[in-house]
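One structure is given below, encoded as structure tokens.
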Amino acid sequence: MDNKKNALATPKRGVAVKPHKRSKPDSARNAVQKKVVVGRGSNTGKLVVAKVTGLKSHTMDTVKVLNKIKAGLPVQSFLILVEAYDATQKEMAESLSIPISTLNRRKVSGKLHTDESDRVVRFAKLKDDAVALMQGDGDAAISWLRTPQDILSGESPMAHASTELGVREVEALISRIRHGVFS
């Protein structure tokens, strides 16, 4: 079977995992699980949230991510997000509600403010969730994020997620699709 054809038709449950190789076989209940993340381009194998925060995927936890957000992410995080979404800087700045003039000032200072860092992480998580939904297919995830959806009042998930409430609705939509609730 071709996994790419089935990826859009079969909702995915949970994060894609594969058993970690061990010298001794474990029972299924005690098997060690390792996350498998397939991205696009230079993002292959690493979560976008990990890339924008500079944290290692296997050591990432909420407290560490929050501390990075509060300290202010480097402007490079914004550029990583632009690449992850295959977008222009102007398009991503609009999605994150950061005016271009403000972004230019941040490039000089080198750091994003806390609220801007939070939005960057929010969009990075959204991309990671969409890739998981599409069973690791980064191109399909970007296509879905950019395609207008009737359930989102005709907006694309990317456009709809420009506010906190909007991103929650997109996350809820992804969750419903992953769990087979098509309402």
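Is there any pair linking a residue in segment 103-121 that is more than 17 Å from Ala50 (Cβ to Cβ) and touching a residue at least 60 places away in the same chain (Cβ under 8 Å) to one that is part of a helix (DSSP H, G or I) and among the charged types (D, E, K, R), with Cβ under 7 Å and at least six apart or on different chains, and which?
Final answer for the pair search is none.
Suppose the filter is of a type outside the set (D, E, K, R), surrounded by 13 or more Cβ atoms within 10 Å (Cβ to Cβ) and at pLDDT 90 or above; does Ser57 pass it? Steps first, please.
Working: of a type outside the set (D, E, K, R): yes; surrounded by 13 or more Cβ atoms within 10 Å (Cβ to Cβ): yes; at pLDDT 90 or above: no.
In short, no.
State which residue is farthest from Lys70 (Cα to Cα) when the search covers only segment 122-153 and only residues that are free of Cβ contacts under 8 Å to residues at least 60 places away in the same chain and basic (Lys, Arg).
Arg146
Within segment 154-163, identify whether any single residue is acidic (Asp, Glu) and either surrounded by fewer than 16 Cβ atoms within 10 Å (Cβ to Cβ) or in contact with a helix residue (DSSP H, G or I) (Cβ under 6 Å, 6 or more places away or on another chain) (or both), and answer yes or no. Walk me through it before giving the result.
So in segment 154-163, the residues acidic (Asp, Glu) come out as 155.
Checking which are either surrounded by fewer than 16 Cβ atoms within 10 Å (Cβ to Cβ) or in contact with a helix residue (DSSP H, G or I) (Cβ under 6 Å, 6 or more places away or on another chain) (or both) leaves us with none.
So far as segment 154-163 goes, no, none of its residues is acidic (Asp, Glu) and either surrounded by fewer than 16 Cβ atoms within 10 Å (Cβ to Cβ) or in contact with a helix residue (DSSP H, G or I) (Cβ under 6 Å, 6 or more places away or on another chain) (or both).
Of the numbered conditions (1) more than 13 Å from the chain's Cα centre (by Cα); (2) under 25 Å from Glu169 (Cβ atoms), Val120 satisfies every one except a single condition; which is it?
Only one criterion is unmet by Val120, namely (1).
The values are calculated or read from the model by the stated rules, or taken from the named source; none is laboratory data. Since this is a predicted model, take the numbers as computed values, not measurements. Note that each Cβ is placed from the backbone with ideal geometry, even for glycine, and that neighbours are counted across all protein chains shown.
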